[in-house]
Amino acid sequence: MAAERGAGQQQSQEMMEEEHELAVDMETISLDRDAEDVDLNHYRIGKIEGFEVLKKVKTLCLRQNLIKCIENLEELQSLRELDLYDNQIKKIENLEALTELEVLDISFNLLRNIEGIDKLTQLKKLFLVNNKISKIENLSNLNQLQ
């Protein structure tokens, strides 16, 4: 029985290592610094990094990746639409610099609260489908929200 349990733990450890290995490093992805629309849907990106070169980007799609934390987007001043659908994000954070953001899709993540978006006063569309949010709050500053 102990041997079975040990084998099960070893398999579990191997699966976790495989999953971790499958996350793609952003250094392997070439970004067009003049692009206005960037679609990195299902690239298995594990961390948001290296996007500061996208000075003209208006739409950034990071759907179906392995992102756990919203970070390193403050340089994207022209960003209008951010798609973080189907990742592993637990908290809305580090978006306050994206003052021109009009659309945010953060559906199918692990959110429990609506927070960190009160400075996004240009936000017109906010998608929070299939998260673990129990109370709709902290939206009073979002006058443009449809």
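Some observations on this one:
- Of the residues 77, 88, 122, 146, the single one that is of a type outside the set (Phe, Trp, Tyr), farther than 20 Å from residue 51 by Cβ and either touching a strand residue (DSSP E or B) at 6+ places or on another chain (Cβ under 6 Å) or part of a loop (DSSP other than H, G, I, E, B) (or both) is 146.
- Single match in 111, 40, 95, 66 (criterion: crowded, with 16+ Cβ neighbours inside 10 Å and touching a residue at least 40 places away in the same chain (Cβ under 8 Å)): 66
- Number of positions in the range 21-56 that are under 16 Å from the mean Cα position of the chain (by Cα) and closer than 13 Å to residue 98 by Cα: 1
- Selection within the range 79-89 - surrounded by 15 or more Cβ atoms within 10 Å (Cβ to Cβ) and in contact with a Leu (Cβ under 9 Å, 6 or more places away or on another chain): 79, 80, 81, 82, 83, 84, 85, 87, 89
- Selection count where residues are assigned to a loop (DSSP other than H, G, I, E, B) and closer than 18 Å to residue 97 by Cα, scope the range 125-142: 4
Residues are listed down the side, and each one gets a yes or a no for (1) more than 13 Å from the chain's Cα centre (by Cα); (2) within 25 Å of residue 64 (Cβ to Cβ); (3) of a type outside the set (Asp, Glu):
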| position | (1), (2), (3) |
| --- | --- |
| 101 | yes, yes, yes |
| 110 | no, yes, yes |
| 113 | yes, yes, yes |
| 120 | yes, yes, yes |
| 125 | yes, yes, yes |
| 128 | no, yes, yes |
| 140 | yes, no, yes |
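- When each of 57, 38, 103 is tested for being within 28 Å of residue 136 (Cβ to Cβ) and touching a strand residue (DSSP E or B) at 6+ places or on another chain (Cβ under 8 Å), the lone residue that passes is 103.
- Residue that is surrounded by the fewest Cβ atoms within 10 Å (Cβ to Cβ) [pool: residues in the range 114-141 that are over 17 Å from residue 79 (Cα atoms) and hydrophobic (A, V, I, L, M, F, W, C)]: 136
- Considering residues of the range 93-119 that are among the hydrophobic types (A, V, I, L, M, F, W, C) and not in a loop (DSSP other than H, G, I, E, B) only, the residue farthest from residue 131 (Cα to Cα): 103
We did not get these values from a lab; they are worked out from the coordinates using the rules stated. Please read all numbers here as calculations on a predicted model, not as lab measurements. Neighbour counts are summed over all protein chains in view; Cβ atoms, including those assigned to glycine, are modelled from backbone coordinates with ideal geometry.
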